[in-house]
Amino acid sequence: MTRVVVADDQPVVLEGFTTILGATSDLEVVGTARDGVELVTLVAATRPDVALVDVRMPRLDGIAATARVRAAHPGTHVIVLTTFDLDEYVTRALEAGASGFLLKDVPAARLVEGVRLVAAGALLLGPRVARHLLADVDAAPRREVPGVDRLTPREREVLTVVAGGLSNAEVAAKLGIGEQTVKTHVSELLRKLARRDRAQLVVAAYEAGVVVPG
């Protein structure tokens with residue numbers, strides 16, 4: 001059973017998402033929050049697998065709340081919810097540790113699928129989000145990312161595939177290696193690049209030019 005919390009300052013969104021997720025046999029909503037401060041407290045108390053977090057909330061916004069949640073509870077994956085154009089949020093949210101994005105008017109089936117994917121370790125980066133991320137990176141000067149020069153050819157290959165948002169199982173299938181081997185490579189990538197999670201690996205891959213926009 002995947003445990004989920006939902007944070008949004010709009011009661012209709014909380015009720016709608018809770019109803020949809022609660023009607024799914026393998027998902028359980030273990031709590032809701034109306035702002036970022038409540039979310040941080042809620043995650044500490046319930047230790048969910050996935051948190052759905054509105055990007056704009058009172059007291060503590062979704063990106064700041066995501067950073068706190070991921071720092072204190074790395075086992076909780078965060079999906080950022082928004083009704084807004086994503087340009088200004090994409091890179092900041094990924095750097096904060098978000099595993100993906102969903103629009104608040106997402107169809108019920110896509111919402112459920114997204115939660116399952118993120119719980120399994122995948123990144124939820126649709127084409128629109130990917131375009132914004134590439135635009136952000138393309139507009140910025142290339143940065144030297146410490147540790148990239150120490151990556152093995154296989155680690156670079158795994159990093160390139162992970163940057164596409166694939167889960168460990170999907171990376172394993174694509175590269176023809178075992179899932180446990182992928183987990184080992186991802187752990188080494190996190191260690192060598194001094195990154196906290198897969199989302200930050202994606203940002204590092206583009207910043208360092210390991211993955212090139214285009």
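Given the options GLY164, GLY147, GLY121, name the one that is surrounded by 14 or more Cβ atoms within 10 Å (Cβ to Cβ), modelled with pLDDT of 75 or more and more than 21 Å from the chain's Cα centre (by Cα).
The match here is GLY147.
Which number in (1) modelled with pLDDT under 80; (2) surrounded by 16 or more Cβ atoms within 10 Å (Cβ to Cβ); (3) not in a loop (DSSP other than H, G, I, E, B) marks the one condition that ASP138 misses?
(2)
Out of all the residues in the range 190-214, which are modelled with pLDDT of 85 or more, surrounded by fewer than 19 Cβ atoms within 10 Å (Cβ to Cβ) and not in a helix (DSSP H, G or I)?
Across the range 190-214, the qualifying residue is only ALA194.
Looking at the structure I just gave you, is GLU28 part of a strand (DSSP E or B), more than 17 Å from ALA98 (Cα to Cα) and assigned by TED's automatic domain parsing to the domain that holds THR66?
Yes.
Among (1) touching a helix residue (DSSP H, G or I) at 6+ places or on another chain (Cβ under 6 Å); (2) of a type in the set (Ser, Thr, Tyr); (3) at pLDDT 95 or above, there is one condition THR24 misses while meeting the rest; what is its number?
(3)
Looking only at the range 172-189, count how many residues are surrounded by 17 or more Cβ atoms within 10 Å (Cβ to Cβ) and under 21 Å from VAL78 (Cα atoms).
2
Sort out which residues of the range 10-24 are more than 21 Å from the chain's Cα centre (by Cα) and more than 15 Å from ALA119 (Cα to Cα), and write them in order of number.
GLN10, PRO11, VAL12, GLU15, GLY16, THR19, GLY22, ALA23
Looking at the range 54-103 only, could you name the residues that are part of a strand (DSSP E or B), among the hydrophobic types (A, V, I, L, M, F, W, C) and more than 19 Å from VAL203 (Cα to Cα)?
Result: LEU81, LEU103.
Inside the range 191-212, can you point out the residues that are under 17 Å from THR152 (Cβ atoms) and free of Cβ contacts under 8 Å to residues at least 24 places away in the same chain?
Those that are under 17 Å from THR152 (Cβ atoms) and free of Cβ contacts under 8 Å to residues at least 24 places away in the same chain: ARG191, ARG195.
Within the range 36-57, is there a residue that is surrounded by fewer than 20 Cβ atoms within 10 Å (Cβ to Cβ) and touching an Asp or Glu at 6+ places or on another chain (Cβ under 7 Å)?
The answer is no; no qualifying residue exists.
Determine which single condition VAL40 fails, assuming it passes every other condition in (1) more than 21 Å from LEU103 (Cα to Cα); (2) outside any helix (DSSP H, G or I); (3) under 20 Å from the mean Cα position of the chain (by Cα).
The number of the failed condition is (2).
Is it the case, given these coordinates, that VAL106 is in the same structural domain as VAL50 (by TED's automatic domain parsing), within 27 Å of MET1 (Cβ to Cβ), at pLDDT 75 or above and surrounded by 18 or more Cβ atoms within 10 Å (Cβ to Cβ)?
Here the answer is no, as VAL106 does not meet what is asked.
If you go through the range 61-103 one residue at a time, how many are surrounded by 20 or more Cβ atoms within 10 Å (Cβ to Cβ), in contact with a His (Cβ under 9 Å, 6 or more places away or on another chain), of a type outside the set (S, T, N, Q) and on the phi < 0 side of the Ramachandran plot?
4
The values are calculated or read from the model by the stated rules, or taken from the named source; none is laboratory data. Bear in mind that the values here come from a model prediction, so they are computed numbers and not experimental data. Heads up, the Cβs are rebuilt from the backbone with ideal geometry, glycines too, and the neighbour counts pull from every protein chain shown.
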